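Contents: one structure, followed by commentary.
The values are calculated or read from the model by the stated rules, or taken from the named source; none is laboratory data. Since we're looking at a predicted model, the values are computed, not measured. Quick reminder, even Gly has a Cβ in these numbers, built from the backbone with ideal geometry, and neighbours come from all protein chains shown. These accessible areas exclude ligands, DNA and RNA; they are computed on the full protein's heavy atoms, side chains included. Shrake-Rupley method; radii C 1.70, N 1.55, O 1.52, S 1.80 Å.
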Amino acid sequence: MPSSTTSVTAVVPAKINLALSVGPVRVDGFHELATVYQAVGLYDEVTVTRRNPGSGISMTVAGVEADAVPCDETNLAWQAARVVAAEADTDPDVHIHIVKRIPVAGGMAGGSADAAGALLACDILWRASLHRERMLELAAELGSDVPFLLHGGTAVGTSRGECITSAMARGAYHWVFALSDRGLSTPRVYAECDRLRTGAKVVEPVIPAGLMEALLVGDPKRVGAELANDLQPAAISIRPELDMVLEIGRDAGALGAVVSGSGPTCAFLVADDEAALDLAVSLSASGLCSGVARAEGPVAGARLTDS
Ligand code: ATP
């Protein structure tokens, strides 16, 4: 990349949790998690462009839900740019433009994806030459899901989700997503999960052995049957209609149906393109979701584009 480079673009996928096991609350306030992530082909685009010295950071966001995304220092991509500038020992004079295609507050880690994209793009823009390990450390400080969005593919996440190990996984998976135009706050869903478990013994989180075996052999039917999310009862408790959305998928013959992360997006694993199309039609006709998206997984994590 020439030193005169003024603009760098990264594309970053969304994630779903094939399994999300939520353990006890830790002393730092986070829940101990064991999760199996998969990166799926819904992409945000993050472009960083040099600004004049002393200009600082500015940001614009485009896309369907752009209005719901903050364009200030609370945006995770803004924070990522600041962190890379500090590592590169340079001033963070940069404009960040995000094209959102990942649902906002949808349980698919869109904000974390943008942070991963900004880390990667700013590293190139400012020639920070961060080692992969350092970038993963910075990612983990920005948010629990950010390291996975750099990693991509299918991977196990432990601790609060930021410790990533590649999963032995075969096969390509067809997903259909039921979207909602009313996002769910992740802290609120965790709080509801805690409330629903009041008085119950909360055990250490586990990675389901059956899911890992199904991924190892690449059997979508078994993977579908093993989808699991401890946050699902909490998301449904806040948004009861999500139960009906999941039911539509099961009735339509989906191999598996699960709330994605903290919701409200619902993810359906289907056998092929034809099944995906049929389910998309049923979901759209139900009037219970604001839109439907289709994607394949697993896909690569954050990567730079040629432009
Ligand atoms: P989580 O990763 O916590 O599960 P999510 O995937 O459900 O979150 P996000 O799309 O990441 O949801 O957004 C959660 C909130 O974070 C939004 O409501 C928004 O206020 C804030 N936010 C900060 N940065 C971004 C960003 N780059 N894109 C979208 N939302 C962002």
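Positive end of the charge dipole of the chain (Lys, Arg +1 and Asp, Glu -1 on Cβ, about the Cα centre): tell me which of A113, C163, L150 has its Cα farthest that way.
Sorting the options by dipole projection puts first C163.
Based on Cβ point charges of +1 for Lys and Arg and -1 for Asp and Glu, what charge dipole magnitude is obtained for the stretch 58-178 about its Cα centre, in debye rounded to the nearest 20?
So the dipole magnitude of the stretch 58-178 works out to roughly 560 debye.
Out of the total accessible area of the chain (probe 1.4 Å, heavy atoms of protein only), what percent is carbon and sulfur?
53
Note the per residue figure in Å³ for the convex hull of the C-alpha positions in the stretch 1-157.
Taking the convex hull of the Cα positions in the stretch 1-157, it is 116 Å³ per residue.
What value, in deg cm²/dmol to 500, does the helix sum -39500 (n - 2.57) over DSSP H runs of n ≥ 4 give at 222 nm once divided by the residues of the chain?
-10000 deg cm²/dmol
Expressed in whole Å with the largest first, what are the equivalent ellipsoid semi-axes of the stretch 41-109 derived from the C-alpha gyration tensor as the square root of 5 times each eigenvalue?
23, 12, 10
If you take the Cα Rg of the chain and divide it by 2.2 N^0.38 Å, with N the number of residues, what do you get?
Values: Rg = 19.1 Å, N = 307, 2.2 N^0.38 = 19.4 Å.
Cα-based Rg divided by the globular estimate yields 0.99.
Extent of the stretch 1-63 along each principal axis, from alpha carbon coordinates, in Å, largest to smallest?
48, 31, 26
With N set to the number of residues, divide the alpha-carbon radius of gyration of the stretch 200-290 by 2.2 N^0.38 Å and report two decimals. Working shown, then result.
Details: Rg = 14.1 Å, N = 91, 2.2 N^0.38 = 12.2 Å.
It is 1.15.
Leaving out ligands and nucleic acids, and using a 1.4 Å probe, what accessible area per residue does the chain come to in Å²?
43
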